[in-house]
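Enquirer: Quick one: the structure is below, and I'll ask about it shortly.
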Amino acid sequence: MKIAIGTTNPAKVQAIQKVFEEQYKEVQFQCLKTESHVSEQPMTDQETIEGALNRAKNVLKVTDCDVGIGLEGGVSESLYGMFVCNWGALVDRQGNEIIGGGARIALPNEISRELKAGKELGPLMDEYTQRTGIRKKEGAVGIFTNGLVTRETMFLHVVQLLLGQWQYRTK
Ligand SMILES: O=P(O)(O)OP(=O)(O)OP(=O)(O)OC[C@H]1O[C@@H](n2cnc3c(O)ncnc32)[C@H](O)[C@@H]1O
Ligand SMILES: [Mg+2]
C-alpha cells in the first residue's frame, strides 16, 4: 500500500505512519510539502476542511500512491471563544473523498486576539511558550492540555477516522 502525505510536519507524518503501519504489513510513504490553497492560518472549519482536502488531492496527483492524505490545523470562532480545530482528508484513485474531524479546545484570549489580528498560531505558540517549533511537537493542544493530548495523538485519531471510513466504504 503506498500512501502520499501532503506535509513534512513530523507531528502529522508520525500520526499517519503509526496508523497505516498498524493496519498494513507492506506500506510505503511519500511525504511532500503540499499546497493547501487556503490561508496559512485557516480561520473557519470550512477553510480548514478545504485545506485538508486540497492537500490530499494535490499530493495524490503528483505521486503514484494509492491514497493521498491531507491534515490541516485551523481555528474556529464560537459563542464560547475561539477553538483550535483539526481536519483530515483521504482521497483515492476511485474518486472516494473521505473527511474526518479532530479534537478541539478553546484558546486563551491573548492568543485568539492575535489570531484575529492576522497572526499565525504556529509563531504565536512559540512566542507564548518561549520555545521553537511547537507546531512540529506537542502543538497548541499539547501545551493547553498539559501534554495529555499532543498534536500527534490528536491527528492519530483523525487518521483512524479517515482510514476506518475508507475501509468501510471500499470493503
Ligand atoms: O507543515 P504544515 O503541514 O503546513 O504544518 P503546520 O504546522 O503549518 O500546520 P497547519 O498548516 O495545518 O496549520 C495552519 C496554521 O495553524 C497553526 N497550527 C495549527 N494547529 C497548531 C498547533 O496545535 N500548534 C501550533 N500551531 C498550530 C500552524 O502552525 C499554521 O500556522
Ligand atoms: Mg502550514
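Enquirer: What are the pairs with Cβ atoms under 6 angstrom where one residue, in the range 31-44, is at negative phi and the other, located anywhere, is open to solvent by 100 Å² or more (accessible area, probe 1.4 Å)? Sequence gap at least six, or different chains.
Expert: Short answer, once both residue conditions are applied: none.
Enquirer: Can you name every residue in the range 127-171 that is without any contact (Cβ under 8 Å) to a residue 40 or more places away in the chain and within 16 Å of ligand 2 (Cβ to nearest atom)?
Expert: Those that are without any contact (Cβ under 8 Å) to a residue 40 or more places away in the chain and within 16 Å of ligand 2 (Cβ to nearest atom): T132, G133, I134.
Enquirer: Among the residues of the range 119-131, is any over 19 Å from E35 (Cα atoms) and hydrophobic (A, V, I, L, M, F, W, C)?
Expert: If we filter the range 119-131 for residues that are over 19 Å from E35 (Cα atoms), which is where we start, we get 119, 123-131.
Next cut, hydrophobic (A, V, I, L, M, F, W, C) only: 124-125.
Yes: the range 119-131 contains one or more residues that are over 19 Å from E35 (Cα atoms) and hydrophobic (A, V, I, L, M, F, W, C).
Enquirer: Name every residue in the range 55-68 that is open to solvent by less than 40 Å² (accessible area, probe 1.4 Å) and more than 9 Å from ligand 1 (Cβ to nearest atom), in order of residue number.
Expert: Within the range 55-68, A56, N58, V59, L60, T63, C65, V67, G68 qualify.
Enquirer: Pairs only if they're at least six apart or on different chains, beta carbon under 8 angstrom, first in the range 69-82 and of a type in the set (A, V, I, L, M, F, W, C), second part of a strand (DSSP E or B) and within 6 Å of ligand 1 (Cβ to nearest atom); list them, first residue then second.
Expert: Note: pairs meeting the criteria are V75/V84.
Enquirer: For the range 107-121, indicate whether the set of residues that are within 16 Å of ligand 2 (Cβ to nearest atom) and open to solvent by less than 10 Å² (accessible area, probe 1.4 Å) is non-empty. I'd like the intermediate steps shown before the answer.
Expert: Within the range 107-121, the first condition is being within 16 Å of ligand 2 (Cβ to nearest atom), and the residues that meet it are 115, 118-121.
So of that shortlist, the ones also open to solvent by less than 10 Å² (accessible area, probe 1.4 Å) come out as 115.
Scanning the range 107-121 turns up at least one residue that is within 16 Å of ligand 2 (Cβ to nearest atom) and open to solvent by less than 10 Å² (accessible area, probe 1.4 Å).
Enquirer: Still on this structure, please answer the following. Pairs please, first residue from the range 1-28 and within 11 Å of ligand 1 (Cβ to nearest atom), second anywhere and hydrophobic (A, V, I, L, M, F, W, C) and open to solvent by 10 Å² or more (accessible area, probe 1.4 Å), Cβ atoms under 6 Å, 6+ apart in sequence or on different chains.
Expert: I5/V13; I5/F29; I5/C31; T8/C31; V13/C31
Enquirer: On to the next question. Taking the options L161, L148, L79, L71, name whichever one is more than 10 Å from ligand 1 (Cβ to nearest atom), open to solvent by less than 70 Å² (accessible area, probe 1.4 Å) and of a type outside the set (S, T, N, Q).
Expert: L161
Enquirer: Scan (1) under 21 Å from Q14 (Cα atoms); (2) open to solvent by 80 Å² or more (accessible area, probe 1.4 Å); (3) within 14 Å of the chain's Cα centre (by Cα) for the single condition T132 breaks and write down its number.
Expert: (3)
Enquirer: Between T48, T8, which is of a type outside the set (D, E, K, R), open to solvent by 10 Å² or more (accessible area, probe 1.4 Å) and closer than 19 Å to L156 by Cα?
Expert: T8 is the lone residue from the list that is of a type outside the set (D, E, K, R), open to solvent by 10 Å² or more (accessible area, probe 1.4 Å) and closer than 19 Å to L156 by Cα.
The values are calculated or read from the model by the stated rules, or taken from the named source; none is laboratory data. The shown structure was predicted, so the numbers you read here are calculated from the model rather than taken from an experiment. Every residue, glycine among them, receives a Cβ derived from its backbone with ideal geometry; neighbour counts consider all protein chains shown. Side chains are part of the model used for accessible areas, which takes the heavy atoms of the whole protein and leaves out ligands, DNA and RNA. Shrake-Rupley method; radii C 1.70, N 1.55, O 1.52, S 1.80 Å.
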